[in-house]
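Everything on this sheet refers to the single structure shown next.
What follows draws every value from the coordinates through simple rules; no lab data is involved. Fair warning: this is a prediction, and the values are worked out from it, not measured in the lab. Using ideal geometry, Cβ is built from the backbone for each residue, glycine included, and neighbour counts are taken over all protein chains shown.
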């Protein structure tokens with residue numbers, strides 16, 4: 001019996017056409033979690049760079065000084081730079097919670113997420129660290145503490161092993177002094193970026209773009 005075009009013959013002995021195979025869905029791009037000395041929060045992306053999201057804090061005292069850390073790379077001990085307090089955002093953690101956790105771990109200063117203003121800036125930073133090419137997508141918050149709080153000695157109790165290896169010191173900087181620093185300061189142009197915030201944040205988030213450091 002000849003089947004009608006477009007129909008499968010029926011009845012005893014009629015051949016059964018196999019169901020057409022569903023087309024394979026294209027594989028979604030994935031990021032690979034692979035061992036790295038940087039830690040498990042740095043994920044290897046399709047671009048070959050280690051990637052994570054970070055939260056940083058522009059911590060100001062009553063005198064308008066900003067707290068910065070100075071660090072170096074173990075592969076380039078002759079090069080050091082100043083940078084803001086902060087670090088990676090953990091899975092399931094909000095940006096604000098990450099910011100206050102990082103301040104506590106790196107300085108011993110305790111903030112409440114409600115103390116933070118912002119994010120005042122966002123940016124992406126691309127850099128080499130621990131023999132890896134890295135990209136960190138960052139949000140920056142503004143926080144103010146009193147001079148009495150700023151006078152409390154900073155602690156290293158919450159530092160990771162990497163921070164013990166590469167962070168050399170932390171100190172408060174007045175912006176005129178910071179402009180005279182001869183080593184690198186990140187983000188680039190920090191004194192000029194920070195100066196408008198001394199009188200208060202205007203409620204707008206400024207996007208600083210991508211920087212190669």
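Taking the conditions exactly as written (surrounded by fewer than 20 Cβ atoms within 10 Å (Cβ to Cβ) and under 17 Å from residue 205 (Cβ atoms)), does residue 131 satisfy them or not? Here the answer is no, as residue 131 does not meet what is asked. Any residue that is loosely packed, with under 14 Cβ neighbours inside 10 Å, over 23 Å from residue 191 (Cβ atoms) and in contact (Cβ under 8 Å) with a residue 24 or more places away in the chain - is there at least one of those in the stretch 34-44? Yes. Give the residues of the stretch 104-119 that are crowded, with 17+ Cβ neighbours inside 10 Å and in contact with a helix residue (DSSP H, G or I) (Cβ under 6 Å, 6 or more places away or on another chain), sorted by residue number. Within the stretch 104-119, 109, 111, 116 meet the criteria.
Going by what's in this entry, would residue 200 be described as within 16 Å of residue 58 (Cβ to Cβ) and free of Cβ contacts under 8 Å to residues at least 12 places away in the same chain? When the stated conditions are applied, residue 200 passes them.
Residue check: is residue 176 loosely packed, with under 15 Cβ neighbours inside 10 Å, over 23 Å from residue 74 (Cβ atoms) and without any contact (Cβ under 8 Å) to a residue 60 or more places away in the chain? So residue 176 fits the description; yes. Would you check if there is a residue in the stretch 126-138 being free of Cβ contacts under 8 Å to residues at least 60 places away in the same chain, part of a strand (DSSP E or B) and touching a strand residue (DSSP E or B) at 6+ places or on another chain (Cβ under 9 Å)? Yes. The numbered conditions (1) buried (at least 17 other Cβ atoms within 10 Å of the Cβ); (2) within 19 Å of residue 211 (Cβ to Cβ); (3) touching a residue at least 60 places away in the same chain (Cβ under 8 Å) are all true for residue 122 except (1). Of all residues in the stretch 91-103, exactly one satisfies the criterion of being closer than 16 Å to residue 160 by Cα and either loosely packed, with under 15 Cβ neighbours inside 10 Å or free of Cβ contacts under 8 Å to residues at least 12 places away in the same chain (or both), namely 101. Considering only the stretch 59-68, I want to know if a residue exists there that is under 29 Å from residue 203 (Cα atoms), surrounded by 17 or more Cβ atoms within 10 Å (Cβ to Cβ) and without any contact (Cβ under 8 Å) to a residue 60 or more places away in the chain. No: the stretch 59-68 contains no residue that is under 29 Å from residue 203 (Cα atoms), surrounded by 17 or more Cβ atoms within 10 Å (Cβ to Cβ) and without any contact (Cβ under 8 Å) to a residue 60 or more places away in the chain.
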